[in-house]
Structures are given as structure tokens and as C-alpha cells.
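Undergrad: Structure below; questions to follow.
The values are calculated or read from the model by the stated rules, or taken from the named source; none is laboratory data. Note that this is a predicted model, so its numbers are computed, not measured. Please note: Cβ atoms are built from the backbone with ideal geometry, for glycine as well, and neighbour counts cover all protein chains shown. Just the protein is used for accessible areas: all its heavy atoms, side chains included, with ligands, DNA and RNA removed. Shrake-Rupley method; radii C 1.70, N 1.55, O 1.52, S 1.80 Å.
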Amino acid sequence: MSAPAIRAERLFRFFHSGDDEVLALRGVSLRLAAGEWLALTGPSGSGKSTLLACIAGLDEPDGGNVWIAGRRITRRPEPARARLRARHVGVLYQAGNLLEHLTVAQNIRFVRRVARLQRGGDDVDTRLAAVGLDGRGGALPRELSGGQVARAGLAVALANDPAVLVADEPTGELDELTERAILGLLAARAAAGTAVLVASHSRAVARAAHRVVHLHDGRVLETGEG
Ligand code: ADP
């Protein structure tokens, strides 16, 4: 059997400020198969963003390890971690997914160049059509509507054709219609084999996902169907 798209084993993350110690993650384990979509829920401060950052290789846990498509991304020097992230992980934020001074097409090509991917996959038009943005490659982010910015952000997060897409409150600032459209695109992406991990307070996200994991105080409290 092939390795899970995401394997996180007993992750611990502590933060210190002055004499205080915050236990952000207390032994969280998680596995996602290719094509699986998991919603991560839990109150503010429960550790969702910290967990996503550790899984995406943006942060290093104090204990435990993460494997992405069978490759360990933790306990490596930052350049090696960044290389693995650029090649295998897509990250989608609530906002700020696009470099403002680049057009949508240039944003997509930039991600591919950073990941050192071959030009063969540089078919920006196909990528834009996949998110419903046909013909908008030449637009700067400020020339797009809010809904188009969200779609473009997703196209950029997927520009490296990642095994894993990690999203932190991706629909937090979107109207209901745009949220529905983005959830439809995430479902399509999962159906195409990407493992999708979304932290969100949105009930619509939890309903749309295949599985829900609830975090509380840095621990997995419960898991259930989406
Ligand atoms: P959530 O995403 O569920 O809101 P976070 O992962 O952002 O939770 O935070 C979990 C806990 O870790 C919180 O108590 C938060 O204040 C703390 N925390 C997160 N990042 C840092 C940091 N860089 N420095 C200090 N404390 C942090």
C-alpha cells in the first residue's frame, strides 16, 4: 500500500512568553489518504493553525514527526524543508495568497519556478479555467473581484500540483456564494487525488468534508463524518 498523503505522529508544540508556557499541541496524530478531505474544527486557540503550520513544514514541532507522501518533512534544515514544501504542499490562507505586483498568471508561474517544476505544466489557461477564471491571467490582483481573488488564490496554492493542500480558514472572509464555489473546487481537487486539510469555523466546510477532527486545547477531542 502507498504511504498516506499526510502522516503526523504525536506532534507537540510549546510556546514560551516570559514565564508562561503555552502547550499548543499535545501529542496530535493525524493521517490523511490521497483524495481525502478533512476539516479541522475547534475553538480559537485550540491549536489548529499550529497543527497546519507543522504539517505544511512552515513550523517545526518540538516533538513528533510529519511525513508528506512518505517523505519526512520535520527534523530537517530549513532549506530542505522549504524544498519539500515547495514541491509537495499547497498552502491556502484566508487572504494574501497573491503577490500584488504580479498578474494572476505570473503568480502561478512564480510558484512553479520556486518549486523548480518543468515548464510542461505551465499551462496557465487550463489552471485558470479549472477555477472558473478563464481569460483573467493578465489581471493584477487589485483588478479582480473578491470572488475572483479567492479563485485565483486557490489556483496559486495548487500551482505546484501538490500531494497535499493545507488551508487555514480559506472561506472566512467570503460571502456564502463564493464559499460554496470554493468548496466545490476543493471537492473536485480531492476527487482528483489531492489530500485536503482545512481548518475552519465554518459549518459549511465541516459539512462538505469527508471527515471532521475536533481539536481542543492541543488535543484531538473527537473525529467524525463530515
Ligand atoms: P487556533 O488556530 O485553533 O486558533 P493556534 O494554533 O493559533 O490556535 O494557537 C494555539 C495556542 O498557541 C494559542 O494559545 C496561541 O496563543 C498559542 N500560539 C500560537 N502561536 C504562537 C506563537 N508564535 N507564540 C506564542 N504563542 C503562540
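Undergrad: Once fully extended, how much extra length lies between ARG72 and SER17, figured as 0.36 nm per residue of separation less the alpha-carbon to alpha-carbon distance? Working shown, then result.
TA: Working: separation 55, 0.36 × 55 = 19.80 nm, distance 2.93 nm.
Using 0.36 nm per residue and subtracting the Cα-Cα distance, I get 16.9 nm.
Undergrad: Note the full-extension length gain between HIS201 and GLU100 as 0.36 nm times their separation in residues minus their Cα-Cα distance, in nm to one decimal.
TA: Details: separation 101, 0.36 × 101 = 36.36 nm, distance 2.73 nm.
Full extension of this stretch gives 33.6 nm more.
Undergrad: Treating only the Cβ of Lys, Arg, Asp and Glu as charged (+1, +1, -1, -1), what charge dipole size does the stretch 123-226 show about its Cα centre? Round to the nearest 20 debye. Show your work: numbers first, answer last.
TA: Details: 10 positive and 14 negative charges, 26 e Å.
I would put it at about 120 debye.
Undergrad: Oh, and also: With a cut-off of 14 Å, note down the residues of the stretch 21-50 whose backbone N falls inside the zone around a label point 7 Å from the Cα of ARG10 toward its beta carbon.
TA: Counting backbone N atoms under 14 Å from the label point, the list is 26-30.
Undergrad: So how far apart, in nm, are the two label points at GLU173 and SER145 if each is 7 Å from Cα heading toward Cβ?
TA: In this crude spin-label approximation the distance works out to 1.8 nm.
Undergrad: Same structure, new question: Please state, as a whole number in µm²/s, the translational diffusion coefficient that the Stokes-Einstein equation yields for the stretch 92-201 at 25 °C and 0.890 mPa s, with Rh defined as the Kirkwood radius across alpha carbon pairs.
TA: Numbers: Rh = 13.9 Å.
It diffuses with D of about 177 µm²/s by this estimate.
Undergrad: Considering only protein heavy atoms and a probe of 1.4 Å, how much of the accessible area of the chain is carbon and sulfur, as a whole percent?
TA: Values: 5420 of 10990 Å².
Roughly 49 percent of what the probe reaches on the chain is carbon or sulfur.
Undergrad: Then there is this: Of the candidates ARG116, ARG189, ARG81, which one comes out as most mobile in a Gaussian network treatment of the chain with C-alpha springs shorter than 10 Å?
TA: ARG116
Undergrad: Evaluate E = 1/(1 + (r/R0)^6) for ARG211 and VAL114, where r is the Cβ-Cβ distance and R0 equals 25 Å; express this FRET efficiency to the nearest 0.05.
TA: Details: r = 31 Å, r/R0 = 1.23.
Efficiency computed from Cβ-Cβ geometry: 0.20.
Undergrad: Taking 0.36 nm per intervening residue step and subtracting the Cα-Cα distance, what contour gain separates ALA3 from GLU222 on full extension?
TA: Values: separation 219, 0.36 × 219 = 78.84 nm, distance 2.38 nm.
Between ALA3 and GLU222, full extension yields an extra 76.5 nm.
Undergrad: Please check the chain for the longest run free of GluC sites (Glu not before Pro) that are loop-located per DSSP (anything but H, G, I, E, B) and have at most 13 other Cβ atoms within 10 Å. Don't jump to the answer; show the numbers that get you there.
TA: Details: sites that count: GLU100, GLU173.
Value returned for the longest uninterrupted segment is 1-99.
Undergrad: Nearest 10 degrees, 0 to 90: what angle lies between the long axis of helix 78-88 and the longest principal axis of the chain (Cα atoms)?
TA: That helix lies at roughly 60 degrees to the long axis.
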